[in-house]
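The values are calculated or read from the model by the stated rules, or taken from the named source; none is laboratory data. What you are looking at is a predicted structure, and each value in this text was computed from that prediction instead of being measured. Positions of Cβ are generated from backbone atoms using ideal geometry, with glycine treated the same way; all protein chains shown enter the neighbour counts. With ligands, DNA and RNA removed, areas are computed over all heavy atoms of the protein, side chains included. Shrake-Rupley method; radii C 1.70, N 1.55, O 1.52, S 1.80 Å.
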Amino acid sequence: MARPISSASELLCYPFSAMSRLNLLDYPPLELESVAESLGAPRYRGRQIATWLYAKGATDITAMSDLPREFRSALSERAEVAVPEIERRTPSQDGSQKLVLRLGDGARIQSVLMPDEDRLTLCVSTQVGCGFGCAFCFTGTMGLERNLTPGEIVGQVVAARRILPDGARITHLVYMGMGEPLANYAATIQSLRILTDPKAFGFSPRRITVSTVGLVSGIERLANENVKVNLAISLHATSNQIRNRIMPVNKGFSIEELLEACRGFPVAFRQRITFEYVLLDHVNDAAEDARRLVRLLKGIRAKVNLIPFNDWEGSGFQRPPLQRILAFQSLLLEAGIRTTVRWSKGEDIGAACGQLKEALTA
Ligand code: SAH
Ligand code: SF4
């Protein structure tokens with residue numbers, strides 16, 4: 001069974017024990033070399049394992065035919081390739097597909113495959129549930145059950161790849177499923193290393209976006225990592241008073257502190273920080289909010305993604321009428337801010353932003 005990893009340093013010591021086997025999907029190629037070495041094999045055996053895992057999608061260690069037989073059996077005694085099991089696939093009318101995945105301990109998470117013209121984006125989860133309790137978010141009502149391991153984050157890509165039609169390929173990844181990526185920092189970074197390593201999945205960091213509720217310390221740490229992914233900020237309000245009300249995290253990090261951290265974040269050439277803004281009827285959708293948003297974003301290479309609220313029973317919020325959504329967008333466009341409206345994918349199957357929730361265990 002996969003064991004949660006709590007710190008980056010723990011990842012480096014390969015704690016082989018009789019109790020739990022390592023999940024090889026927790027490690028980038030360089031660390032697989034160390035795993036091989038710690039079993040008395042030459043380091044290049046680790047590179048061979050990486051090819052099997054990440055290029056060939058293999059999960060059976062005993063079938064890794066270019067590894068010596070004794071090494072294969074020593075390795076499979078101590079390690080496994082644990083891929084989340086796809087328990088349910090729900091296709092949406094808009095072409096997206098919700099995957100309910102069952103983890104080793106029975107916990108369930110969701111990933112969403114979203115085709116769009118020449119792109120195929122996978123939205124991945126980083127936690128089972130979420131502890132931040134944003135008032136408009138269905139996932140938030142679950143509370144936090146546990147963090148995902150790096151292998152469970154990467155495993156969502158492995159599982160989704162298996163069900164793609166011939167010739168199809170995941171082109172983009174967004175960390176916008178269940179949970180808060182920066183609250184599970186070590187595992188999120190480790191998964192990004194594996195996904196961007198040319199000897200593993202080889203995704204371009206420019207095609208990966210990590211979305212955060214606005215954890216300032218996490219944004220500052222991420223700014224200094226050598227994985228240069230895109231950043232998305234769930235802003236959702238233009239005054240601390242409203243943000244405190246709908247996003248309790250704001251009581252710890254104010255809007256001003258959050259935007260200061262964004263100003264210090266390195267943005268790649270031709271890229272921008274995305275500010276997500278869920279439009280809630282008569283809560284944050286007034287013309288004055290749009291004008292304040294323009295002022296707040298001054299000096300930041302920003303783009304805004306407006307998300308009309310996706311309803312769920314008992315939420316207490318409503319989606320503004322179309323006219324109000326478009327008026328809000330117009331004010332931002334007139335001020336020269338690149339602004340799109342995200343008509344969420346998978347709304348009819350409960351797979352849209354903020355609609356993800358699953359019973360925790362069977
Ligand atoms: N925890 C991270 C990652 C989840 S991303 C974060 O909050 O950024 C999911 C996105 O959908 C976030 O921008 C979130 O605020 C938004 N969202 C949550 N509930 C929603 C709802 N009911 N309708 C529309 N968007 C919602
Ligand atoms: Fe958690 Fe993000 Fe939902 Fe807030 S919006 S409760 S941080 S998943």
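Using helices alone, I'd like the mean residue ellipticity at 222 nm for the chain: each DSSP H run of four-plus residues gives -39500 (n - 2.57), total over residue count, nearest 500.
One gets -8000 deg cm²/dmol as the mean residue ellipticity at 222 nm.
How large are Rg and Dmax for region 138-198 when calculated on the C-alpha trace, in angstrom?
13.0, 39
Using only alpha carbon positions, build the gyration tensor of region 25-118, then give the equivalent ellipsoid semi-axes as the square roots of 5 times its eigenvalues, largest first, whole angstrom.
In descending order the semi-axes read 33, 15, 11 Å.
Can you give the % of DSSP beta bridges in the chain that are antiparallel, to the nearest 5?
About 45 percent, rounded to the nearest 5.
What span do the alpha-carbon atoms of region 71-130 cover on each of the three principal axes, reported in whole Å from largest to smallest?
47, 28, 19
Would you mind telling me which residue in LEU326, LEU24, LEU75 has the biggest mean-square fluctuation in a Gaussian network model of the chain, where springs connect alpha carbons within a distance under 10 angstrom?
LEU326
Taking amide H positions as placed 1.01 Å from N in the peptide plane, with prolines and chain starts having none, which residues 5 or more places from ARG338, or on another chain, fall under 5 Å of its amide H?
VAL304
Mean 1/r over all different Cα pairs, inverted: what Kirkwood radius does the chain give, in Å?
Computed over Cα pairs of the chain, the Kirkwood hydrodynamic radius comes out at 21.3 Å.
Over the chain, with every protein chain in place, what whole percent of the accessible area is carbon and sulfur at 1.4 Å, could you tell me?
Within the chain, the accessible surface is 50 percent carbon and sulfur.
With label points built 7 Å along Cα→Cβ from the Cα atoms of THR171 and TYR44, find their separation and express it in nm.
Modelled inter-label distance: 3.7 nm.
Taking the Cβ of ILE273 as the centre, find all other residues whose Cβ is under 10 Å away and add up their charges (Lys, Arg: +1; Asp, Glu: -1).
Charge balance near ILE273 sits at +4.
Using every Cα-Cα pair within region 269-322, state what percent have a distance larger than 12 Å.
The share of Cα pairs beyond 12 Å in region 269-322 comes to 69 percent.
Counting Lys and Arg as +1 and Asp and Glu as -1, what is the net charge of the other residues whose Cβ lies under 13 Å from the Cβ of ARG89?
Value of the local net charge: +2.
Please give me the summed charge of the neighbours of ILE242: other residues whose Cβ is under 12 Å from its Cβ, Lys and Arg +1, Asp and Glu -1.
0
Using the beta-carbon distance between ALA335 and SER315 and R0 = 25 Å, what value does 1/(1 + (r/R0)^6) give for FRET efficiency, to the nearest 0.05?
E(calc), rounded to 0.05, equals 0.25.
Go through LYS98/LYS298; LYS228/LYS298; LYS251/LYS298; LYS56/LYS303 and tell me which ones have a Cα-Cα distance over 27 Å in this structure.
In this structure, LYS98/LYS298; LYS56/LYS303 exceed 27 Å between Cα atoms.
By the gyration tensor of its Cα atoms, with a ≥ b ≥ c the square roots of the eigenvalues, what is the shape of region 86-208: rounded for a/c under 1.5, prolate for a/b over b/c, or oblate?
Verdict is oblate for region 86-208.
Checking a compactness column here: for region 162-319, what do you get for Rg(Cα) / (2.2 N^0.38 Å), N being the number of residues?
It is 1.11.
Looking at the calculated P(r) for region 230-291, what percent of the C-alpha pair distances fall above 15 Å?
Taking all Cα-Cα pairs of region 230-291, the fraction more than 15 Å apart is 54 percent.
Report, in order of residue number, the helices in the chain meeting two criteria: a C-alpha extent of 15 Å or more along the helix axis, and a mean Kyte-Doolittle hydropathy of at least -1.0; treat each whole DSSP H run as one helix.
Span-like helices in the chain: 150-162, 185-196, 322-334.
Sticking to Cα atoms, compute the Rg of region 259-299 to one decimal and its Dmax as the biggest Cα-Cα distance, whole number, in Å.
Rg then Dmax for region 259-299, in Å: 12.5, 37.
Which one of GLY129, GLY179, GLY218 has the biggest mean-square fluctuation once the chain is modelled by GNM with Cα springs under 10 Å?
Top of the fluctuation ranking is GLY218.
With a cap of 12 neighbouring Cβ atoms within 10 Å, and only residues DSSP puts in a loop, list the trypsin sites (Lys or Arg not before Pro) found in region 283-338.
Those satisfying the criteria are LYS298.
Identify which of GLY252, GLY214, GLY155 has the largest mean-square fluctuation in a Gaussian network model of the chain, with springs joining Cα atoms closer than 10 Å.
It is GLY252.
Taking a ≥ b ≥ c as the square roots of the Cα gyration tensor eigenvalues, with a/c under 1.5 meaning rounded and otherwise prolate when a/b beats b/c, else oblate, which class fits region 146-250?
Cα axes put region 146-250 in the prolate bin.
Residue-wise, which Karplus ³J(HN,Hα) couplings in Hz belong to region 272-283, taking 6.51 cos²θ - 1.76 cosθ + 1.60, θ = phi - 60°, and x for glycine or proline?
My calculation for region 272-283 gives 9, 7, 8, 10, 8, 9, 6, 8, 10, 4, 6, 10 Hz in order.
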